[in-house]
Amino acid sequence: MEVITSHTNADFDTFASMVAAKKLYPEARVVFSGSLEKGLKKAVESVRLPYPIDRIRDIDLSRVTRLILVDTRHAGRIGPFGALIGKGVDVHVYDHHAEDKDAVRGTYEVIRPYGSSTTVLTLILKDKALDITPDEATLFMAGIYEDTGSLSYPSTTESDYDAARFLLSRGADLVKVSAFLRKELTPEEVSLLNEFLHSETSYTIGGSEIVVSDGYIERYAGDIATLAHRMMDIEGMSSLFMLVDSGDRVHVIARSRTPKVDVGKVARAIGGGGHSSAASATLKGMTLIEAKETLLSALRRAVSPERTARDIMSYPPITVQPGTILKDAMELMRRYGINAAPVARNGTVQGVITRQVLDKAVFHGLFDAPVSDYMTTEVETVADSTSVDEIREKVVGHGQRLLPVIKERKVVGVITRTDLLKLLQEELQESLTGASKKVRHLSKLMRERLPEWVIDLLRKAGDTAEAEGVKAYAVGGFVRDLLLRRENLDVDIVVEGGDGIAFATDFAKRQKARVKPHLRFRTAVLIFPDGFKVDVATARLEYYERPAALPTVEQSSLKLDLYRRDFIINTLAIALNPGKFGELIDFFGAQKDLKERTVRVLHNLSFVEDPTRALRAVRFAEKFDFKIGKHTLNLIKNAVKINVFRELSGARLLDELRNILKEETAAKCMKRLSELGLLRLTHPLITWDMEREIFFERTRETLKWHELLYTRDKAEEWLVLFLALTDELDEEELAVLIRRLMITGKKRMEVLAARREGLKALSILNSDGTRANSALFDLLQGLPLEIIIYVLAKAERESVKKALATYITRLKYMEVSLNGVDLKRLGVKEGPFMGEVLSELLKKRLDGELSSREDEEAFVRKYARGKKTPAGK
């Protein structure tokens, strides 16, 4: 017996292909291997065929000598007929699906990459000049139309059009074809469609947007696949995977309208089958969650561009010369925080040296031996184009700690076990959470949040980078605050693949800006004609010679540059080059930390290398209302325990302290610093309690009050708050702290030196409740504004507060109308007496005894006459 069959859940392409095959094998019996789609059942009943369509239960499998498979090549998809494969049965195959390692191998095969299997068989019938009735032509046309979306899917080929033209010439009725394919939804299907629409999740994988939707039903019916096309039409999707949980199994229905997503390839990877635009699979013994994880994993393998060594390697590589002595190699590894390094001469790899080997060699006193004596010379290397799978095999299979990456015989990077673990973590995270790596573009957000001139400046920076053959990125707090929707126009640009100073110089010429370079740190400041500044840096890595020291800088990649940053939330970057402008770069999960509102460091020695980061962690946490990560908090506590601030320069400590004092949340920061033991490291006698907090906040309120006066004098606000913070220190203790913090600047030193006089004036005011304005002026006029505000905040008596406020608002800026020229006109000659007259005028003005120029002139005449010494002497 010969049998023509196809896959279960048969559709129009399946049925049409079986009928077409019957014309090639007239003695064969046509048998469905399983269920049919609902729409197809009606068509089978309405199509007039001169032979019956058999059921699988009517076939004695032991009598089958030839099996003709159409529209499938998978033994697992042909029901009971699968048991015949490999049992001596002759198999012929007619299919349009892509080649697959698990496909059934026939003794005779016709495989063509057309839009439908019906096309394959129709063109064979045409070539053989076999007669086709109008009813058959109509059925065949329905098969082609269904699988090609009425000749509109990307999988449609010229051959499908040729087959359709031929069928039209043989009487195919397009009205009947439309009737065959028209699928009205039942109320139950509408409800299920709604469930699928509300459960859809969009993923970007390999640059393609893929929608995954899921739902539960008690009993699966193949015609549910019709809902996939409805969903794609409603939502305008390019590819869709529907997961249908029917209790003991999950059915996967896949459709695609883009050549970038071959759903057949994905379905085959999970045990199903189909072609590039339509496929299905059944996953038994899985929950819906497990099925979704399996599908996402298959999607990443099938759709994502293959990742290679260049995608995951760390570069530029830190190498050791063969002649380097072991002691120096040990120091190099300590400096960069690495555990292994390639040994290379002129870029050519000679071997690999590990810290473990160095430790043992140094223990045995081999300090001055060359690295070449103890390096591992049997080293596996990979090309920059080597696939990740092959890299895994070399690292895991061969147990090699570090894998040099070679391009044109030179080492261009390294891959470590850590790199592979990070990759594995990414894949696992994507699988468990659906947080698939997406290329996120911020162009829209930038237009919403940034002034047009800033966006134009960033675009021009990208154009300059492109012209120089380098890459430019906006980085750090500017990007962080953009995502947090906070105002921040402090633009920092990092240049990768070139020199930041050279880039800044070129950009400055194009924009008529000035450049201030800093050669040691390979940075520059661009100063534009309107005064706007942009910081430019070369992508660099830093290492610290000792705890709390300033870093030593070397050129690096963007990834390593961002890795040196203080906290993960500050490791974001935005690409500026044309073609990728606005693309967000997130190597370390900063978006996750922003979402979770958490401050975390990137590595465990962060606070040892730069203790000011501990203060900065508190500042960011309070400023953004974030929490400090548990591990980061433990690292801060350890830094306090070992007193890493001991070696920190006062100037750097002052910078961070000043930044904190400038924040609106300064009081909260101080409280947190006190709780963590950081405040006393600034000075052991500085404390923070409720009383101190109340005074500090009162000082801030006093500053705000003064700011709203809009006087011509501006106070250095952080300095006033510094006075409030150190209020409990005596003169000698404050002097010690000033020296420790290396506070500089003539005005600042004058302010701090005047604290004693300010407190003395406050004491006088407290003891003398009433005082003439002129006496108040004489008491306060020599004090800096910052001291007056500080004293006002300290004042507790209302009369004293009123007196100080009166001085700030009226008396401080009061002047007389007359000047020296006026006095000479009134008969007062230059000399001490003129000064005396001016002083008396001001005193009378302050005390309200004079209110006009005329009053002043009358006073001068009277005052001069009343003196024993004649006017002018």
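The values are calculated or read from the model by the stated rules, or taken from the named source; none is laboratory data. Being a predicted model, the structure only gives us computed values, none of them experimental. Here Cβ is always computed from backbone atoms with ideal geometry, including for glycine, and neighbour counts include all displayed protein chains. Each accessible area value is taken on the protein alone, full model and side chains, heavy atoms only, with ligands, DNA and RNA left out. Shrake-Rupley method; radii C 1.70, N 1.55, O 1.52, S 1.80 Å.
Beyond a 30 Å Cα-Cα separation, which of these cross-linked pairs lie in this structure: Lys260/Lys284; Lys637/Lys747; Lys704/Lys747; Lys512/Lys746; Lys292/Lys422; Lys42/Lys101? Long pairs (Cα-Cα over 30 Å): Lys637/Lys747; Lys512/Lys746; Lys42/Lys101. Across the alpha-carbon set of the stretch 98-197, the Rg to Rh ratio works out to 1.07, Rh being the Kirkwood radius. Normalised by 2.2 N^0.38 Å, where N counts its residues, the alpha-carbon radius of gyration of the stretch 606-731 equals 1.09. Axis of helix 187-199 versus longest Cα principal axis of the chain: the two differ by about 40°, to the nearest ten degrees. For the peptides 258-265, 66-73, 705-712, the ranking by mean Cβ contacts within 10 Å, running from highest to lowest, is 66-73, 258-265, 705-712. In nm, to one decimal, how far is the Phe695 label point from the Lys662 one, both placed 7 Å along Cα→Cβ? Going by the 7 Å Cα→Cβ label model, 2.6 nm. Where does helix 500-511 land angle-wise versus the long Cα axis of the chain, in degrees 0 to 90, nearest 10? Value to nearest ten degrees: 80. Here the simple spin-label model places points 7 Å from the Cα toward Cβ, and for Ser191 and Glu798 these points are separated by 7.4 nm. In the distance distribution for the stretch 229-306, Cα-Cα pairs more than 22 Å apart total 19 percent. Size descriptors for the stretch 722-873 (Cα atoms only): Rg and Dmax, in that order, 19.6, 59 Å.
Across all directions, the average projected area of the convex hull around the alpha carbons of the stretch 24-123 is 7.1 nm². Each Lys and Arg contributes +1 and each Asp and Glu -1, all at the Cβ; summed about the Cα centre of the stretch 628-750, the dipole is approximately 580 debye. First check a/c for the stretch 798-855, with a ≥ b ≥ c the square roots of the eigenvalues of its C-alpha gyration tensor; if it is under 1.5, answer rounded, and if not, answer prolate when a/b is larger than b/c or oblate otherwise. In terms of gyration-tensor shape, prolate.
Relative to one another, the C-alpha centroids of the stretch 814-863 and the stretch 92-151 are positioned 113 Å apart. A Cβ-based charge dipole, computed about the Cα centre of the stretch 315-413 with Lys and Arg at +1 and Asp and Glu at -1, lands at about 220 debye. Looking at the P(r) of the stretch 690-801, how many percent of alpha-carbon pairs lie beyond 19 Å? Summing the P(r) tail past 19 Å for the stretch 690-801 gives 47 percent. Over all orientations, the chain has a Cα convex hull whose mean projected area works out to 56.3 square nanometres. Per the Debye calculation on the stretch 1-58 with a single equal scatterer at every Cα and no solvent contribution, log₁₀ I(q)/I(0) for q = 0.21, 0.29, 0.31 Å⁻¹ amounts to -0.77, -1.46, -1.59. Dipole magnitude for the chain: about 2860 debye, using +1 per Lys or Arg Cβ and -1 per Asp or Glu Cβ, origin at the Cα centre. Modelled label positions at Lys746 and Lys862, each set 7 Å beyond Cα in the direction of Cβ, lie 4.2 nm from each other. Entry for the stretch 268-318 at q = 0.21 Å⁻¹: log10 I(q)/I(0) = -0.82, Debye formula applied to identical alpha-carbon scatterers, no solvent contribution. Annotation note: GluC sites (Glu not before Pro) in the stretch 276-356 located in DSSP loop regions with a Cβ neighbour count of at most 16 within 10 Å are Glu306. The smallest convex shape that holds all Cα atoms of the stretch 556-679, its convex hull, gives 125 Å³ per residue. When the Cα positions of Ser387, Val536, Ile569 are compared along the charge dipole of the chain, Val536 comes out farthest toward the positive end, with charges on each C-beta of Lys, Arg, Asp and Glu. For the chain, the longest principal axis of the C-alpha atoms and the axis of helix 666-675 are separated by about 80°. Simple rule: put +1 on each Lys or Arg Cβ and -1 on each Asp or Glu Cβ in the stretch 1-56, find the dipole, and look at Ser33, Ala10, Pro52; the Cα lying farthest toward the positive end is Pro52.
One decimal place: the segment Thr418-Lys41 gains 130.0 nm when fully extended, by the rule 0.36 nm per residue minus the C-alpha distance.
When the Cα positions of Ser649, Phe696, Thr682 are compared along the charge dipole of the stretch 641-705, Ser649 comes out farthest toward the positive end, with charges on each C-beta of Lys, Arg, Asp and Glu.
Extents of the stretch 759-819, taken as max minus min of Cα coordinates on every principal axis and listed largest first, are 38, 24, 17 Å.
Solvent-accessible area assigned to carbon and sulfur over the chain amounts to 49 percent, based on a 1.4 Å probe. For the chain, the solvent-accessible area with a 1.4 angstrom probe is 48 square angstrom per residue.
For the pair the stretch 6-50 and the stretch 350-370, the centres of their Cα atoms are 74 angstrom apart.
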